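Okay, structure first, notes after.
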Amino acid sequence: MTELEKAQTALAALSRAEKVRVLEWIVRDLGESFPGIDSDPAVAGGEACIVRTRIPVWALVRARQLGASEADILRSYPTLRAEDLVHAWSYYGSRRDEIERQIHDNEAA
């Protein structure tokens with residue numbers, strides 16, 4: 001029996017409330033993973049950046065807030081791909097407070 005089959009059997013035996021708790025654990029676990037985004041203390045002070053680049057998510061979000069289209073952003077950052085913007089918007093949607101604080105801190109500097 002595979003691990004997935006074991007999990008399916010175990011889930012079938014759980015109550016609805018227990019399944020909700022398992023789902024919460026899974027979402028929390030997956031919520032910490034953002035493909036295409038990396039935070040490295042040695043790069044941009046540890047701010048979330050697009051992988052393969054030193055472009056912080058907050059800079060892309062701020063450009064968008066100021067009216068830049070995705071096409072404008074991609075022209076301004078030739079190393080970016082459209083999927084990088086999808087990752088950035090997803091990260092922002094999940095970590096809005098963090099990114100807004102970084103925007104504020106970087107504009108105040």
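The values are calculated or read from the model by the stated rules, or taken from the named source; none is laboratory data. All of these numbers come straight from a predicted model, not from anything done at the bench. Glycine gets a Cβ as well: all are built from the backbone with ideal geometry, and neighbour counts include every protein chain shown.
Filter segment 52-66 down to residues that are in contact (Cβ under 8 Å) with a residue 24 or more places away in the chain and not in a helix (DSSP H, G or I) and give me whichever is surrounded by the most Cβ atoms within 10 Å (Cβ to Cβ).
Checked segment 52-66; the qualifying residue surrounded by the most Cβ atoms within 10 Å (Cβ to Cβ) is Pro56.
Name the single residue that is modelled with the highest pLDDT among those in segment 35-45 being touching a helix residue (DSSP H, G or I) at 6+ places or on another chain (Cβ under 8 Å) and closer than 14 Å to His87 by Cα.
Looking at the filtered set, the residue picked out is Ile37.
In this structure, does Trp25 turn out to be aromatic (Phe, Trp, Tyr) and in contact (Cβ under 8 Å) with a residue 24 or more places away in the chain?
Answer is no for this residue.
Assess whether Asp84 counts as being modelled with pLDDT under 95, of a type outside the set (S, T, N, Q) and part of a helix (DSSP H, G or I).
For Asp84, the condition - modelled with pLDDT under 95, of a type outside the set (S, T, N, Q) and part of a helix (DSSP H, G or I) - is met.
Hey, among Ala17, Ala48, which residue is out of contact with any helix residue (DSSP H, G or I) (no Cβ under 9 Å at 6 or more places or on another chain) and either of a type outside the set (D, E, K, R) or closer than 20 Å to Ile99 by Cα (or both)?
Unique residue meeting the criteria: Ala17.
Please enumerate the residues belonging to segment 70-99 that are of a type in the set (Asp, Glu), exposed (fewer than 15 other Cβ atoms within 10 Å of the Cβ) and more than 14 Å from Phe34 (Cβ to Cβ).
Listed by number, the residues that qualify are Asp72, Asp97.
Here is a yes/no grid of residues against (1) without any contact (Cβ under 8 Å) to a residue 24 or more places away in the chain; (2) exposed (fewer than 11 other Cβ atoms within 10 Å of the Cβ); (3) aliphatic (A, V, I, L, M):
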residue	(1), (2), (3)
Lys6	yes, yes, no
Ser15	yes, yes, no
Glu18	yes, no, no
Asp40	yes, no, no
Ala48	no, no, yes
Ala68	yes, no, yes
